[in-house]
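Heads up: the structure comes next, in C-alpha cells.
Coordinate-derived values only; no laboratory data. As the structure is a prediction and not an experimental result, all values here were calculated from the model. With ideal geometry, Cβ positions are generated from the backbone for all residues, glycine too; neighbour counts draw on all protein chains shown.
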Amino acid sequence: MNTLFFKASSCLILMTSFVLASSPANQTYTDDQLLDLVQSDVLKYFWDFADPTTKLALERYLTDQPRAGAGCVTVGGSGFGILTIIASVDRGLISRDAAVGQFQTMLLTVFMVLGPIG
C-alpha cells in the first residue's frame, strides 16, 4: 500500500486515523492516552522522517519510496514540527537536550540558506 503523508497541517488527522484504525476494536482510551498516542506518532513524522541533513520537515514522505521527496523541505511544515517537538518535550517523549540539538541544526540551516538579514 502506498501511504502518502502530506504536509504537516494534515499530519495530525492522518496520524489520529492511523492510531484509531490500528487499535483493537474494543480498546478505549482516556483523553490523555489518546493524546499520547497521537503525539508520539506525529513526533515520529517530524523526528524520524525529517531531512537527515537539515532536520527540517519533508514536503512529503512516501513509505514505499522514502527517497522520492528527498531534499524537498517545507518551511511551514517545519514550523509545525518545531511546535510538535516543544509539545513532545513537555509531554516527556524526548529530552530537552535532544530538542535543542534538533533546533540548532534546523536554525543553522535556515541561516546558512538565507544569509545575514538586516
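Just to check I understand the Karplus step: with θ = phi - 60° and J = 6.51 cos²θ - 1.76 cosθ + 1.60, what whole-Hz values come out for the stretch 73-86, glycine and proline as x?
The phi angles translate into 10, 10, 5, x, x, 5, x, 4, x, 4, 5, 5, 5, 4 Hz.
Which order do the peptides 95-107, 34-46 come out in when sorted by mean C-beta neighbours inside 10 angstrom, highest first?
Numbers: 95-107: 13.8, 34-46: 18.2.
Going by the mean number of other Cβ atoms within 10 Å, highest first, we get 34-46, 95-107.
Please give, to one decimal in nm, the separation of the simple spin-label points placed at Thr105 and Ala87, each 7 Å out from Cα toward the Cβ.
That separation, rounded to one decimal, is 2.2 nm.
For Val73, what residues show an amide H to amide H distance below 5 Å, using hydrogens built from the backbone and excluding near sequence neighbours?
Correct list: Glu59.
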